[in-house]
Amino acid sequence: MDSILTCMDCGKTYPINERVITCPACGGLLDVTHDLDALRGTVTHELFDQRLGSWNKLDHSGVWRYRELILPGLPEDAYVTRGEGNTTLYTASPKLADYAGVAHLQLKHEGENPTGSFKDRGMAGGVTQAQQLGVRSVICASTGNTSASMASFAAICGLQAMVFFPVGYVALGKIAQSVAYGALSVQVEGDFDDTLALVWDVAQELPVYLLNSYNPFRLEGQKTIMIEMLHQRGWRVPDWIVVPGGNLGNSSAFGKALVELRDLGLIDRLPRIAIIQAEGANPLYRSYIEDWQTRHTVRAQTIATAIRIGNPANFHKAHRTLDWTNGVVTIVDDQAIMDAKAQIDAAGIGCEPASAASVAGVRRLVDEGTIAPDADVVSILTGHLLKDPDAVLNYHAQTLDGIESTYANHMKTIKPSLDAVAALLTE
Ligand SMILES: *Cc1c(COP(=O)(O)O)cnc(C)c1O
Ligand SMILES: [Zn+2]
């Protein structure tokens, strides 16, 4: 059986090549459902090992190396790639692990993707599907990284790209990328949630294909963060996976990936997932602590602009991930985010603010007694340090509103003399 689209709410199914984003019958989110019975036995640890080290461009991609689990059955030249994935799984230094409060901390650095965030894995999936459908224009609302990634992938395969930002709340590096890659770039006078609502309406009315994380093919690509991480660990499942939550695409993709890997016998148990939201952008957390009585939305505010989202598209799928993995949700404030970021940066690894929520979240969950200090923990760093240079420089210059620069590394200015340098050394 071919892969199909399945509505997670009403269960209705659609052929894989029907041009739908959500369920036309009920509006529910769609899943790409694979025929796991057919894949069982074909998709093995050995198959993925054989592809490691190959220069074949599909085997070399950290997404398409796992293509049977993402978008099976296309001819080789149909897969769009720019060598995404293959990101480092760092072992945290003793100092950083100590800061987080756990003995075993690993950091999967998705900022090492071609455009500097995990969005490239999703776009490899989404743009490949856009090509299959024969669309000419792709569109997204973005806090910055989705647009940078979509602009790049669209340019690579000759699609027209239209990106929409909330005015004033997109980090510098991300806007620069979208403009540079040639996307039609539009600032909307509203926040991300207003921008996504606008783009959603546009995608219903105009001949454009939506590449926000409502798009199930994006989430298929993002599953490979889990698959590649487990491959790197020799398929040893950690106790916890800790991920920042904005539009909740990753949280959703991770749950689906893990359940599929378990059902295929590629892993023997499920890890627990912890989703970390910013205190000022915490709709999932609010619903979680009330045992899901209401679906909350908020007017979001946080320095971590990538997760400055008050009405997450993938709310229901993230809830499902939490059910599947006995997961938890917690929040961290901007101070905790920036302090954790300073620690990750000073460890030589570096990330953008939203990414640091994952390490701040580990610290909080250890404090609360949810994560045991001897647990085996993998945190996901979602974006690159250089995405948001303003946040870095303002933190270290102590010029961030309402934030204490706990770990500031002050820049010095000196006269060009040996004595001046000698004085710095003895300071
Ligand atoms: C998009 C993004 C997020 C949020 O991810 P979701 O899948 O929407 O929850 C977090 N961090 C960075 C750097 C991002 O670009
Ligand atoms: Zn439906």
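A few remarks follow.
- Sequence ranges 31-43, 402-414, ranked by mean other-Cβ count within 10 angstrom, highest first: 31-43, 402-414
- For the peptides 387-394, 117-124, the ranking by mean Cβ contacts within 10 Å, running from highest to lowest, is 117-124, 387-394.
- Cα centroid of the range 161-175 to Cα centroid of the range 393-426, whole Å: 30
- Accessible area expressed per residue, the chain, with surrounding protein chains retained (probe 1.4 Å, Å²): 40
- The range 217-297 shape via C-alpha gyration tensor axes, a/c threshold 1.5: prolate
- Span from the the range 293-360 Cα centroid across to the the range 36-57 one, whole angstrom: 33
- If you wrap the Cα atoms of the chain in a convex hull and average its projected area over all directions, you get 21.9 nm².
- Note, ³J(HN,Hα) from phi for the range 349-359, Karplus 6.51, -1.76, 1.60, rounded to Hz, x at Gly and Pro: 9, x, 6, 8, x, 4, 4, 5, 4, 5, 6
- Expressed as a whole percent, the accessible area of the range 277-420 that falls on carbon and sulfur atoms is 48 (1.4 Å probe).
- Taking the accessible area of the range 192-255, probe 1.4 Å, and keeping the other protein chains in place, the carbon and sulfur fraction comes to 51%.
- Only protein atoms count toward the accessible area here, which uses a 1.4 Å probe; on the range 46-122, the carbon and sulfur part of that area reaches 52 percent.
- Exceeding the 32 Å Cα-Cα cut-off - candidates K223/K341; K12/K174; K57/K341; K12/K387: K12/K174; K57/K341; K12/K387
- Per DSSP, loop trypsin sites (Lys or Arg not before Pro) in the range 227-266 with at most 10 further Cβ within 10 Å: R236
- Couplings for the range 380-389, taken from phi via the Karplus curve 6.51 cos²θ - 1.76 cosθ + 1.60 with θ = phi - 60°, read 9, 9, 8, x, 7, 3, 6, 4, 10, x Hz in order; Gly and Pro are left as x.
- Bridge orientation summary for the chain: considering DSSP beta bridges with both residues in this region, about 25 percent are antiparallel.
- Compared with the dominant principal axis of the Cα atoms in the chain, helix 119-133 is inclined by about 20°.
- In the chain, the longest principal axis of the Cα atoms and the axis of helix 145-157 are about 50 degrees apart.
- Translational diffusion coefficient of the range 1-137 (Stokes-Einstein, Kirkwood radius from Cα pairs, 4 °C, 1.567 mPa s): 75 µm²/s.
- Coil-residue GluC sites (Glu not before Pro) of the range 1-72, DSSP, other Cβ within 10 Å capped at 13: E18
The values are calculated or read from the model by the stated rules, or taken from the named source; none is laboratory data. Keep in mind the model is a prediction, meaning the values are calculated, not measured. Methodologically, a virtual Cβ is constructed for each residue, glycine included, from the backbone with ideal geometry; neighbour enumeration extends over all protein chains shown. The accessibility values were calculated without ligands, DNA or RNA, using every heavy atom of the protein model including side chains. Shrake-Rupley method; radii C 1.70, N 1.55, O 1.52, S 1.80 Å.
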